[in-house]
Structures are given as C-alpha cells and as structure tokens.
1. Express the accessible area of the chain per residue in Å², computed with a 1.4 Å probe while the remaining protein chains stay in the model.
2. If one takes the longest principal axis of the Cα atoms in the chain, at what angle in degrees, from 0 to 90 and to the nearest 10, does the Cα axis of helix 38-68 lie?
3. With springs only between Cα atoms under 10 Å apart, run a GNM on the chain and tell me which of 20, 50, 28 wobbles the most.
4. Mind checking which aspartates and glutamates have their C-alpha under 20 Å from residue 60, skipping anything on the same chain fewer than 8 residues away?
5. Grab the Cα-Cα distance for residue 1 and residue 48, subtract it from 0.36 nm times how many residues apart they are, and report the gain in nm with one decimal.
6. Output the Cα-based Rg and Dmax of the range 22-69 in Å, rounding Rg to one decimal and Dmax to a whole number.
7. For the chain, set up a Gaussian network in which alpha carbons nearer than 10 Å are linked by springs, and say which option among 57, 19, 46 fluctuates the most.
8. Can you tell me the 0 to 90 degree angle between the C-alpha axis of helix 2-23 and the longest principal axis of the chain, rounded to 10?
Amino acid sequence: MIQNIIDDLMDNRIKLRNDLAEEHEEELNKFTDGVVPPCVYLGHQDREYLKKKDKLDLFKKKLKLIVMD
C-alpha cells in the first residue's frame with residue numbers, strides 16, 4: 001500500500017521534470033550548452049535537492065533531540 005503511494009509520487013516527479021524540461025528546453029539547452037539533455041539535467045538537480053533536504057531533515061531531528069535533552 002505505502003509502496004504504491006511512493007511509486008505514484010516518484011512517477012509524478014518524473015513526469016513533472018519531463019514536462020518542465022520540454023517547456024523550458026531552449027533555456028536549459030543554453031545553460032547546459034546542449035551537452036546534457038534538459039530532462040537529465042533537471043533529474044540531477046532534483047536528486048541533489050532531495051539529498052540536501054534529507055540531510056537537513058536529519059540535522060533538524062538531531063537538533064530537536066539535543067534541545068529536548
């Protein structure tokens with residue numbers, strides 16, 4: 001059950017990334033010099049964001065534990 005929800009979320013993230021890449025293809029191609037396809041570039045940026053967010057969430061949890069002690 002929960003895995004289906006997570007799968008749907010990831011599918012929607014991928015679809016959104018691809019739609020945004022298509023919509024802003026010209027601008028993204030200028031930024032990446034056309035070396036990296038826009039959908040790949042946005043996918044990489046999305047993964048980097050999620051990594052940073054996970055680290056921040058973990059830091060907040062640790063900080064909350066320290067403050068509660």
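The values are calculated or read from the model by the stated rules, or taken from the named source; none is laboratory data. Not measured: the values here are computed from a predicted model. Glycine gets a Cβ as well: all are built from the backbone with ideal geometry, and neighbour counts include every protein chain shown. All accessible areas refer to the heavy atoms of the entire protein, side chains included, with ligands and DNA or RNA removed. Shrake-Rupley method; radii C 1.70, N 1.55, O 1.52, S 1.80 Å.
1. Numbers: 6260 Å² over 69 residues.
For the chain, the per-residue accessible area is 91 Å².
2. Helix 38-68 sits roughly 10 degrees off the main axis of the chain.
3. 50
4. Correct list for residue 60: 48, 69.
5. Values: separation 47, 0.36 × 47 = 16.92 nm, distance 2.72 nm.
Full-extension gain reported as 14.2 nm.
6. Every Cα atom of the range 22-69 included, Rg and Dmax give 17.2, 53 Å.
7. Result: 57 has the largest fluctuation of those listed.
8. Tilt relative to the chain: about 40 degrees.
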